[in-house]
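Got a structure here, written out as structure tokens. Questions coming.
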Amino acid sequence: MAKPILFSVPAAPAIRLCLGVTGHREANPAFSVNRAEIEEALSQVFDMFDMAVAQERLTQPHKTVAPTRMHSLLVDGLDQIAARQAKNRDWELVAPLPFGRKLNTAINAHPANADEAHFLLTGTGTCSPPTKARAAVIDELVDSARLFELADRDALIERLYLAKLTAPKDVNAAQAYSFAASERVALAAQVMIEQSDLVVGVWDGASTSFVGGTGHTIALALSMGTPVLWIDARNPRSWRILSVPEHLAVLPHLAGEPTQPLADLRTLVESVLRPTPGKAKAQKVDHEEGLKALDTEKWRPKSQFWWHGYRRVEALFGSEGMADRFRNLGVTYESPEAILTGSGQVQIEAARNLLKQDPGFVEKISADIHKRLAWADGISSHLSDAYRGGMILNFLFGAFAVVGGIAYLPIASSEQKWIFAGFELVLLAGILAITWIGQKRRWHRRWFETRRVAEYLRHATILLTLGVARPAGRWPRGTQTSWPEWYVRHGLRDVGLPRVTITSSYLRTALSDLVLRHVAAQSAYHRQKAKRLHKTHHRLDQLSETLFTLAVVSVSLYLGLKLAGTTHLISKEVASHFSKLFTFLGVFLPTFGGAIASIRYFGDFERFSAISEVTAEKLDVIAERGAILLAGPDQLISYANVAELVHATDDVVVSEIENWQSVFGGKNITVPV
């Protein structure tokens with residue numbers, strides 16, 4: 001007796017508002033003059049966020065709205081003010097640091113000389129009370145935050161920093177440190193932006209050219225599609241929402257403008273906490289239908305053989321051996337519990353090996369990512385079978401209905417025609433039933449939606465373990481619904497950044513055991529898929545052409561017999577005797593030739609083959625780039641390089657999904673006409 005498949009519906013992700021903050025340091029003139037007003041303005045803005053989140057909890061009681069999360073680099077000035085306010089509001093504080101913790105404190109405590117820096121780094125030597133006090137402030141905030149430390153370049157940065165402090169008049173030493181450190185700060189700012197739905201920036205509007213500075217961070221956020229709530233450091237009572245880089249060009253003209261209406265900020269927060277309605281008017285009233293349906297979908301442990309039509313077409317025409325063509329196509333869907341020891345085990349173990357500093361993070365990946373992946377993947381696979389298999393049945397039923405309706409001609413009398421008409425009626429009714437059920441149950445839309453969820457989650461472990469995320473403004477938006485992207489984005493946001501120190505050895509292991517292993521597996525899958533689909537298209541094309549060619553031969557042969565009888569070369573009775581058979585063949589051959597051509601058109605096997613081929617080629621390029629990195633020494637493997645490869649992998653996934661949707665997007669289930 002087979003063991004029952006255990007499963008549970010994965011919980012929906014908690015919804016939370018994720019903020020990033022950036023602003024001037026204490027030394028900035030505009031900030032120092034208006035410090036009290038800036039602190040008050042920031043408090044008022046945070047009050048507005050709290051009210052919007054509280055309103056969402058009140059109006060959407062079925063959702064779990066988690067505490068707001070703030071991302072900050074925790075440098076002196078605005079960052080530390082915002083962090084204290086976040087702590088007072090019981091917000092979650094996360095700090096993506098540009099350096100390891102000790103080096104970060106040593107740099108941002110502003111030691112007067114190399115001896116003080118050495119004390120902060122090692123605890124030996126002497127240090128002035130003011131420097132110690134500044135370091136203590138940083139440590140206090142760091143202790144209360146979840147740290148994501150970019151320490152892979154610490155040895156180089158520390159050497160350059162100490163060289164600068166040792167020779168304060170050496171311009172070259174100062175520039176070397178400044179360039180290297182600024183690059184790291186900009187990288188940490190990028191991590192912060194990617195993890196945030198909105199960036200709050202206190203800025204005097206002066207310049208965006210200083211890498212890692214406030215203006216540069218705001219410009220970077222806008223270029224990545226993340227909106228910025230800008231508070232003018234010169235006039236803190238004035239704030240505005242910037243959404244595109246072009247807004248920076250008109251900032252000078254906004255200095256005297258009144259503050260933007262509060263309703264605009266509420267609308268922005270609501271767009272984060274709720275899925276955006278689709279663009280199609282007919283879908284605006286039910287944009288959460290798919291989201292709710294995901295939790296209430298009926299789990300089917302195995303595929304149903306009557307919906308295997310599409311799979312069988314691929315097997316018959318895309319396989320090589322007869323055994324493969326007629327193999328059992330039944331599939332057991334991997335349950336949310338089974339994936340942890342099944343297809344997800346390799347990724348989970350690799351993540352567990354990496355994140356020994358934060359084992360709870362791996363458990364969240366298992367529960368919140370892999371279980372949701374299995375749930376969405378199993379549901380999507382069933383809907384795919386139902387939709388595509390249903391359409392294959394419609395095409396075949398249509399052909400058999402036409403042929404069956406006239407099949408009495410060569411084998412039965414006209415008095416028995418009703419039997420064949422009844423057969424035709426049953427098949428036509430079957431077509432209408434499949435079409436009606438498919439449309440009523442939204443097989444096509446639900447397949448698209450759940451497949452998007454599954455494919456986004458398939459490589460999520462890689463993104464999360466490396467702190468990489470798709471920026472808020474760069475998620476695709478469906479024309480009918482955007483809940484899959486919203487669902488996955490909040491699922492990833494809920495997990496957030498791991499508590500980890502990123503080192504070169506960490507990056508090497510992550511690159512080899514997670515990134516490139518996944519890339520290689522996906523590339524092999526797409527190459528095999530492209531080859532199989534190309535064969536399927538080619539062989540269907542051949543079969544369709546053969547049937548039409550035979551139809552021409554059949555009609556030509558009949559006309560030849562008729563002509564021969566008319567010219568008395570043969571008896572006229574020969575043509576009359578075979579007329580019903582040739583009539584049947586004249587309908588049978590082109591009808592099934594057309595049905596095969598329709599299946600080929602519906603399946604779009606050639607275009608899907610091309611999409612998979614292009615996807616495999618892109619993944620191969622990423623694999624080559626990763627192999628080059630691994631061939632070098634550890635100290636040359638930087639977070640920036642690895643993060644870029646992860647982003648490239650994510651872009652390939654999203655591009656493949658968009659291309660796939662563009663092919664099947666308009667092919668709703670319908671009668672075969």
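What are the residues in segment 46-63 that are hydrophobic (A, V, I, L, M, F, W, C), over 11 Å from VAL269 (Cβ atoms) and in contact with a helix residue (DSSP H, G or I) (Cβ under 9 Å, 6 or more places away or on another chain), if any?
PHE46 - this is the single residue of segment 46-63 that is hydrophobic (A, V, I, L, M, F, W, C), over 11 Å from VAL269 (Cβ atoms) and in contact with a helix residue (DSSP H, G or I) (Cβ under 9 Å, 6 or more places away or on another chain).
Hey, among LEU383, LEU425, LEU432, LEU409, which residue is assigned to a helix (DSSP H, G or I) and open to solvent by less than 30 Å² (accessible area, probe 1.4 Å)?
After ruling out the rest, the residue left standing is LEU383.
Results for (1) out of contact with any Cys (no Cβ under 7 Å at 6 or more places or on another chain); (2) under 25 Å from LYS364 (Cα atoms); (3) modelled with pLDDT under 95; (4) open to solvent by 10 Å² or more (accessible area, probe 1.4 Å), shown as yes or no for each residue.
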site	(1), (2), (3), (4)
ARG442	yes, no, yes, yes
ARG451	yes, yes, yes, yes
LEU457	yes, yes, no, no
ILE462	yes, yes, no, no
GLN480	yes, no, yes, yes
LEU516	yes, yes, no, yes
VAL519	yes, yes, no, no
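With respect to PHE326, is the statement that it is closer than 16 Å to SER381 by Cβ, surrounded by fewer than 19 Cβ atoms within 10 Å (Cβ to Cβ) and not polar (S, T, N, Q) true?
No.
Now for a different question. Please name all residue pairs, on different chains or six or more residues apart, with Cβ atoms under 6 Å, provided the first residue is in segment 548-571 and is among the basic types (Lys, Arg) and the second residue is open to solvent by less than 80 Å² (accessible area, probe 1.4 Å).
What qualifies is LYS562/ALA575.
I'd like to verify a number: residues in segment 12-63 that are small (Gly, Ala, Ser) and free of Cβ contacts under 8 Å to residues at least 60 places away in the same chain, how many?
Counting residues in segment 12-63 that are small (Gly, Ala, Ser) and free of Cβ contacts under 8 Å to residues at least 60 places away in the same chain gives 5.
Here is a further query. Among residues belonging to segment 52-83 that are open to solvent by 30 Å² or more (accessible area, probe 1.4 Å) and assigned to a helix (DSSP H, G or I), point out the one that is modelled with the lowest pLDDT.
Only one residue fits best here, namely THR59.
Still on this structure: Could you please give the count of residues in segment 345-374 that are touching a residue at least 40 places away in the same chain (Cβ under 8 Å) and part of a loop (DSSP other than H, G, I, E, B)?
As a first pass, look at segment 345-374 and keep what is touching a residue at least 40 places away in the same chain (Cβ under 8 Å): 346-348, 350-351, 353-355, 357-358, 361, 364-365, 367-374.
The next check asks that each one be part of a loop (DSSP other than H, G, I, E, B); those that pass are 355, 357-358.
The number of residues fulfilling the criteria is 3.
Let me ask you something else. Within segment 4-49, can you find the residues that are open to solvent by 50 Å² or more (accessible area, probe 1.4 Å), within 30 Å of the chain's Cα centre (by Cα) and at pLDDT 90 or above?
Hits for segment 4-49: nothing passes.
Report, ordered by the first and then the second residue, all pairs with beta carbons closer than 8 Å, sequence separation of six or more or different chains, a first member in segment 313-332 that is farther than 18 Å from ALA530 by Cβ, and a second member that is open to solvent by 80 Å² or more (accessible area, probe 1.4 Å) and in a helix (DSSP H, G or I).
Listed pairs, sorted by first residue: LEU329/PHE305; GLY330/PHE305.
On to the next question. Search segment 268-302 for residues being at pLDDT 80 or above and over 22 Å from the mean Cα position of the chain (by Cα), and hand back the single one that is most open to solvent (accessible area, probe 1.4 Å).
Ranking the candidates gives LYS298 first.
Then there is this: For segment 614-622, does any single residue satisfy the condition of being open to solvent by 30 Å² or more (accessible area, probe 1.4 Å), touching a residue at least 40 places away in the same chain (Cβ under 8 Å) and touching a Ser or Thr at 6+ places or on another chain (Cβ under 8 Å)?
Within segment 614-622, one or more residues are open to solvent by 30 Å² or more (accessible area, probe 1.4 Å), touching a residue at least 40 places away in the same chain (Cβ under 8 Å) and touching a Ser or Thr at 6+ places or on another chain (Cβ under 8 Å).
Quick test for you: out of PHE608, PHE578, pick the one residue that is at pLDDT 90 or above and in a helix (DSSP H, G or I).
Exactly one of PHE608, PHE578 is at pLDDT 90 or above and in a helix (DSSP H, G or I), namely PHE608.
Among the numbered conditions (1) crowded, with 17+ Cβ neighbours inside 10 Å; (2) over 46 Å from the mean Cα position of the chain (by Cα); (3) not β-branched (Val, Ile, Thr), tell me where ALA564 comes up short.
Result: ALA564 fails condition (1) only.
Which condition does LYS580 not pass, out of (1) over 51 Å from the mean Cα position of the chain (by Cα); (2) open to solvent by less than 20 Å² (accessible area, probe 1.4 Å), if it passes all the others?
With respect to (1) over 51 Å from the mean Cα position of the chain (by Cα); (2) open to solvent by less than 20 Å² (accessible area, probe 1.4 Å), LYS580 is out only on (2).
Looking at segment 386-404, which of the residues that are in contact with a Phe, Trp or Tyr (Cβ under 6 Å, 6 or more places away or on another chain) and not hydrophobic (A, V, I, L, M, F, W, C) is most open to solvent (accessible area, probe 1.4 Å)?
It comes out as ARG388.
Just the residues that are of a type outside the set (A, V, I, L, M) and in contact with a Phe, Trp or Tyr (Cβ under 8 Å, 6 or more places away or on another chain), please, taken from segment 558-582.
TYR558, PHE578, SER579, PHE582
For LYS87, indicate whether it is at negative phi, more than 33 Å from the chain's Cα centre (by Cα) and surrounded by fewer than 22 Cβ atoms within 10 Å (Cβ to Cβ).
It is false that LYS87 is at negative phi, more than 33 Å from the chain's Cα centre (by Cα) and surrounded by fewer than 22 Cβ atoms within 10 Å (Cβ to Cβ).
Determine which member of the set LEU150, LEU162 is within 22 Å of ILE193 (Cα to Cα) and in contact with a helix residue (DSSP H, G or I) (Cβ under 7 Å, 6 or more places away or on another chain). Talk me through it step by step, then tell me what you get.
Numbers: LEU162 fails: within 22 Å of ILE193 (Cα to Cα).
Just a single option satisfies the conditions, and that option is LEU150.
Another question about this same structure. Is there a residue being surrounded by 17 or more Cβ atoms within 10 Å (Cβ to Cβ) and of a type in the set (S, T, N, Q) anywhere in segment 362-375?
Within segment 362-375, one or more residues are surrounded by 17 or more Cβ atoms within 10 Å (Cβ to Cβ) and of a type in the set (S, T, N, Q).
I would also like to ask the following. Just to be sure before I move on: is GLN528 free of Cβ contacts under 8 Å to residues at least 40 places away in the same chain and open to solvent by 40 Å² or more (accessible area, probe 1.4 Å) in the structure I sent?
Criteria met by GLN528.
Can you run down the residue pairs with Cβ atoms below 7 Å, 6 or more apart or on separate chains, where the first is in segment 388-417 and modelled with pLDDT under 85 and the partner is of a type in the set (Val, Ile, Thr)?
Short answer, once both residue conditions are applied: LEU409/THR583.
Quick one: in segment 93-115, of everything that is part of a loop (DSSP other than H, G, I, E, B) and in contact (Cβ under 8 Å) with a residue 24 or more places away in the chain, which residue is surrounded by the fewest Cβ atoms within 10 Å (Cβ to Cβ)?
The residue in question is ASN113.
The values are calculated or read from the model by the stated rules, or taken from the named source; none is laboratory data. These numbers were taken from a predicted model, which means no experiment stands behind them. No Cβ is skipped: glycine too gets one built from the backbone with ideal geometry, and neighbour counts run over all protein chains shown. Ligands, DNA and RNA are excluded from the accessible area calculation, which covers all protein heavy atoms including side chains. Shrake-Rupley method; radii C 1.70, N 1.55, O 1.52, S 1.80 Å.
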